[in-house]
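Below is one structure, written out as structure tokens, with a few remarks after it.
Just so you know, all these numbers are worked out from the coordinates, no wet-lab data involved. Not measured: the values here are computed from a predicted model. So basically every Cβ, Gly included, is an ideal-geometry build from the backbone, and we count neighbours across all protein chains shown.
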Amino acid sequence: MADLTIALAKGRLQDEAIEFFRRAGIVVPDEARRSRRLLLDDESGRYSFIFVKPADVPVYVEYGVADAGVCGRDVLMESDADVHEPLDLGFGRCRLVVAGKPESEERGYNPLATARVATKFPRITADYFQQRGVPVEVIVLSGSVELAPALGLSEHIVDLVETGRTLRENGLVVIDEITESTARLIVNRASYHLKRDAMARLIANLRTCISEKPGQ
Amino acid sequence: MSITLSKIPPGVQYIFDDEVRVRRFVERQVMETFEGWSYREIILPIFDYADLFALGMGKEQAEMTYRFTGRDGKLLALRPEMTSLVARTVATRFIKRARPIRLSYSGEVFRWDEPRGGRQYEFHQIGLEHIGSDQLEADTEALVIAIEALRRLGLENFTIALGHVDFFNGLAERLELSEDRRREMRTFIDRKQTEQLDRFLEDYTDPENRAALCRLTTLTGKREIIEEARALVSNERSVAALDDLERVCLIAEELGIASHIDIDLGDVGGLDYYTGLTFNIYAQGLGTALGRGGRYDQLLANFGRPEPAVGFSLCLDWLAQLLAPEIIRTAAEYKNEVTRLSGAGDIVSVFKEANRLRADGRKVEIV
């Protein structure tokens, strides 16, 4: 049996995460990308990888089903999972922003009216508006959030932006940046102690592969 | 069946048969261990005045209680934990008793907290409190008892992460942080976010000290890490904390239980409550701590009688979850040893036969 089980987010971060681990000498067989298997070992047999939806990574790690995981800061904040997050891996950089039509930017949030916000991040969205004293109605969508303002479902959205292209093409502008997000290594609190040596090795190993980040 | 009848409120549980057996077994083993160390059991009320819990666990934590109004118009709360009730009892009713006082408890507590990691709104705590001694022997006793109880349950693969709040306090004190900034720093340490901690410290201290702080707060391991820590830290409070940790480790080595203990200098989880040693118990197969404890020398003062104290509690629900497969296997044998009697014949003779079997200690079922 492998020393550690690591949960990786499918989708946006998957290829970069696999590449990052490869640089650290932990090689996930190419089969991972091609096949539909959701659980496989690295070449050394010391690590098992499970591939799950991004939002599920903190869940698997918090429950200890996976000892560690890689997911975006955005997903981690939304989950509010009680885990260690020892490394900012630096890749998958994007911004979590409030966006809306250009005219809504000028108006700002009318603090006396309820803001209607469509998002995949209900917890972060509610926190953000409540902290600013703005009453908020959060509309939870599971994709294509940028459509909401165009169709009149909501005035604003809270969503991830990488290049800003999708926003522009849907006639939206960034109104405020909530946080920047990068991929994080997260670690289960029990595993941190129960598998201390293996975990310390993994963290030290990955740390050496974090490249210099722009602007820091 | 109508929906209103079948729906149960989120976070509560109904427990039946094998699962009950498991819980009773675990409870009995742990309570007998406590009894063996002369801890006397105290049965506490399910609810008490809401203010009491705010005194015990802090206003913020006490927000999580289920509250309702008593007939006298006073606000009551279902107990969210046991220690406040014990502390109040000791401070008001046990004034004249000789110290230390050793007490144990077992029962459900109720918290309006997001159920996660398998914990419900309602869960069962088993714990002990050792009140009136400020000596490290008391802390060590608690630790030794916890280990005995877990071993008695058949658990071998567990680790107690041992920390000390004064290690962090000593370091933080010298940085002269505002309360908000201190909280921020604490979160970074709690989540082991070394880089963020390093950036945060830029405004407060020189690079050398920064590096030392970042290293210190992620230090975990056996006794040798205390030596490493000593080379990096000089303030009195942190050094005294290291002394305590080292002494406990040395004792643990002598007792042959050191393999279950892991020092965690970055444990800042219980800072609002604990005043000395802290411990979090982790076991293979569970993602969260199945028990926690530590020294809480400030609490009794909230109830009008300052006294040192140390204690810990185990979560029965998690222990049961962890141990269920093994215990159920064992219990199955007993369950199968049942003598079935037909109830179709003469009812008096059926019961006579049943009574005879029962007198022999046999298990019967009238079918």
Q) To the nearest 0.05, how large is the calculated FRET efficiency for B:Arg358 and A:Glu177 if R₀ is 56 Å and r is the Cβ-Cβ distance? A) 0.15
Q: Assuming a ≥ b ≥ c are the square roots of the Cα gyration tensor eigenvalues, decide whether the range B:158-282 counts as rounded (a/c under 1.5), prolate (otherwise, with a/b larger than b/c) or oblate.
A: prolate
**Q.** Rg to Rh, two decimals, where the protein assembly as shown supplies the alpha carbon set and Rh follows Kirkwood
**A.** 1.01
Q: Please check which bits of the range B:76-103 a label hung off B:Gln13 would reach, taking the label as a point 7 Å along Cα-to-C-beta and the cut-off as backbone N under 18 Å.
A: B:79-82
**Q.** Size of charge dipole - the protein assembly as shown - debye, nearest 20, with Cβ of Lys, Arg +1 and Asp, Glu -1, no other charges
**A.** 1520
Q. What translational diffusion coefficient, in µm²/s and rounded to a whole number, does the Stokes-Einstein relation yield for chain B at 10 °C and a viscosity of 1.306 mPa s, taking the hydrodynamic radius as the Kirkwood radius over Cα pairs?
A. 69
Q. Relative contact order of the range B:119-220: what whole-number percent is it, with Cα pairs under 8 angstrom and at least 6 residues apart?
A. 17
Q. For the range B:93-173, which GluC sites (Glu not before Pro) are both in a DSSP coil and crowded by at most 15 other Cβ atoms within 10 Å?
A. B:Glu156
Q: Take a quick pass over chain A and tell me how many lysine pairs come in under 27 angstrom between Cα atoms, counting only ones 8 or more apart or on separate chains.
A: 8
Q.
Just to verify a number: FRET efficiency for A:Val65 and B:Glu179, C-beta to C-beta distance, R0 = 35 Å, to 0.05?
A. 0.45
**Q.** Cβ-Cβ FRET estimate between A:Glu169 and A:Ala24, R0 fixed at 45 Å, reported to 0.05
**A.** 0.75
Q. Once the Cα atoms of helix B:18-36 and of chain B are each reduced to a long axis, what angle between those two axes, in degrees from 0 to 90 to the nearest 10, is obtained?
A. 60
Q) Using a basic spin-label model with each label point 7 Å from the Cα along Cα→Cβ, how many nm lie between B:Glu114 and A:Arg34? A) 4.1
(Q) Tell me the relative contact order for the range B:158-282 as a rounded percent, counting alpha carbon contacts under 8 Å between residues six or more apart. (A) 54
Q) Once you sort the root eigenvalues of the Cα gyration tensor of the range A:94-180 as a ≥ b ≥ c, which label holds: rounded (a/c under 1.5), prolate (a/b larger than b/c) or oblate (the other case)? A) rounded
(Q) If I fit a long axis through the Cα atoms of helix B:83-93 and take the longest principal axis of the Cα atoms of chain B, what angle between them do I get, 0 to 90°, rounded to 10? (A) 90
Q. Which of the GluC sites (Glu not before Pro) across the range B:213-263 are loop residues per DSSP, with 11 or fewer other Cβ within 10 Å?
A. none
Q: At most 13 other Cβ atoms within 10 Å and a DSSP loop assignment: could you name the GluC sites (Glu not before Pro) in the range B:265-367 that fit?
A: B:Glu337
Q: With unit charges on the beta carbon (Lys/Arg positive, Asp/Glu negative), name the residue among B:Gly36, B:Gln298, B:Phe279 whose Cα is farthest towards the positive pole of the charge dipole of the protein assembly as shown.
A: B:Gly36
Q. Given charges of +1 on the Cβ of Lys and Arg and -1 on the Cβ of Asp and Glu, with all other atoms neutral, how large is the dipole of the range B:216-366 about its Cα centre, in debye to the nearest 20?
A. 860
Q | Helix B:347-359 axis, angle to chain B major axis (alpha carbon atoms, nearest 10°) | A | 40
Q) Using a ≥ b ≥ c from the Cα gyration tensor of chain A (square roots of the eigenvalues), is it rounded, prolate or oblate, where a/c under 1.5 gives rounded and otherwise the larger of a/b and b/c decides, a/b for prolate? A) prolate
Q: Scan chain B and hand back the longest stretch that contains none of the trypsin sites (Lys or Arg not before Pro) lying in DSSP loops with at most 13 other Cβ atoms within 10 Å.
A: B:98-361
Q. Can you give the extra length, in nm with one decimal, that the chain gains between A:Asp15 and A:Val140 once fully stretched, where that is 0.36 nm per residue apart less the Cα-Cα distance?
A. 42.2 nm
Q) Residue separation times 0.36 nm, minus the C-alpha to C-alpha distance between B:Ala231 and B:Glu333: what's the value? A) 31.0 nm
Q. Which percentage, to the nearest 5, of the DSSP beta bridges contained in chain A is antiparallel?
A. 60
Q. Expressed as a rounded percentage, what relative contact order does chain B have, with Cα pairs under 8 Å and six or more residues apart?
A. 20
Q.
7 Å from Cα along Cα→Cβ at both A:Ala113 and B:Ala258: what's the point-to-point distance in nm?
A. 7.0
